[in-house]
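Report on the structure given below.
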Amino acid sequence: MSFKDIKLNYDIMAKNNIPLLVNSFEWKKMFGNLDNNDIQNAKKELLEHLRNQRKYKSDLKKLQNKKRDIMVDIVNLSHKVNNNDKNSISKLELSRSEMLEINKEIENLEIELDNMPSKIRHSNFELLNITIKIAYQDLKIKEKKLVPIYNEIEELRIKLKELIENKNDYEEEINNAYTFLHNMIGKEEIEKLDQNFLEKN
């Protein structure tokens, strides 16, 4: 399978409740500022959906508050009209017309908001697909780079083993020589010879 063929099953992954990648500390640290057009475009799309969702919620709240105010006006104006206040008739009609318009806007916003979770999930899923593709590309590159490193470590391990063996052999030979000389001529003569032959080097 090539990297371009990587495609997760949306239905299966949707059940896993994937967190929003743009809110994930780990994702932002590893991929958030990656110089890659695919990942940056997918990230931009997801962030745009999230901004739109926040805007729709804010707009809906404002319209609902405005609707409540108009409903109060309609009740008050209706009361005046019922009491033969003819000047309130046009105001009442205007308020009712405004109420109809607000209801349409609220309905449209609610439809948009209902669609946002699905859009966000799909964008997040697409960003995950791209992230996985890039991650595996990077893994493959780094695994290739590890091969010569492992080989060099093994060579150094063998070389270190040889050096340690040589060191141990030399130390053993030195100790044997000193033991022999010490037994033959004694400590004082050994120290004199050390000063004459070894310390000059």
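Below are the figures for this structure:
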quantity: Zone residues, the range 102-119, relative to Leu20, backbone N less than 19 Å from point 7 Å out along Cα-to-Cβ; calculated: 110-119
quantity: Packing-based order for 127-137, 46-56, 31-41, 172-182, using average beta carbon neighbours within 10 Å, highest first; calculated: 127-137, 46-56, 31-41, 172-182
quantity: Gain upon complete extension [Leu94, Lys44; 0.36 nm per residue less C-alpha separation]; calculated: 13.8 nm
quantity: Nitroxide proxy distance, nm - points 7 Å out along Cα→Cβ at Asp35 and Glu107; calculated: 5.2
quantity: Charge dipole (the chain, unit charges on Cβ, about Cα centre) - positive-most of His79, Leu139, Asn65; calculated: His79
quantity: Exceeding the 20 Å Cα-Cα cut-off - candidates Lys67/Lys104; Lys44/Lys133; Lys28/Lys61; Lys28/Lys55; calculated: Lys28/Lys61; Lys28/Lys55
quantity: Inter-label distance, nm, simple model (7 Å from Cα along the C-beta direction), Asn175/Asn82; calculated: 11.3
quantity: Value at 222 nm in deg cm²/dmol, rounded to 500, when DSSP H runs of n ≥ 4 in the chain each add -39,500 (n - 2.57); calculated: -29000 deg cm²/dmol
quantity: For the chain: relative contact order, % (alpha-carbon pairs under 8 angstrom, 6 or more apart); calculated: 28
quantity: Nearest-ten-degree value, helix 87-185 long axis tilted from longest Cα axis of the chain; calculated: 0
quantity: Proximal aspartates and glutamates relative to Lys29, as straight alpha-carbon distance under 18 Å, when same-chain residues fewer than 8 apart are discounted; calculated: Asp38, Asp138
quantity: Helix axis angle, 37-82 relative to the chain longest principal axis, alpha carbon, degrees; calculated: 30
quantity: Size of charge dipole - the range 3-146 - debye, nearest 20, with Cβ of Lys, Arg +1 and Asp, Glu -1, no other charges; calculated: 520
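None of the figures in this text is laboratory data; all of them are computed from the coordinates on show. Quick caveat: nothing in here was measured; it's all calculated off a predicted structure. FYI the Cβ positions are ideal-geometry reconstructions off the backbone, even for glycines, and counts take in every protein chain you see.
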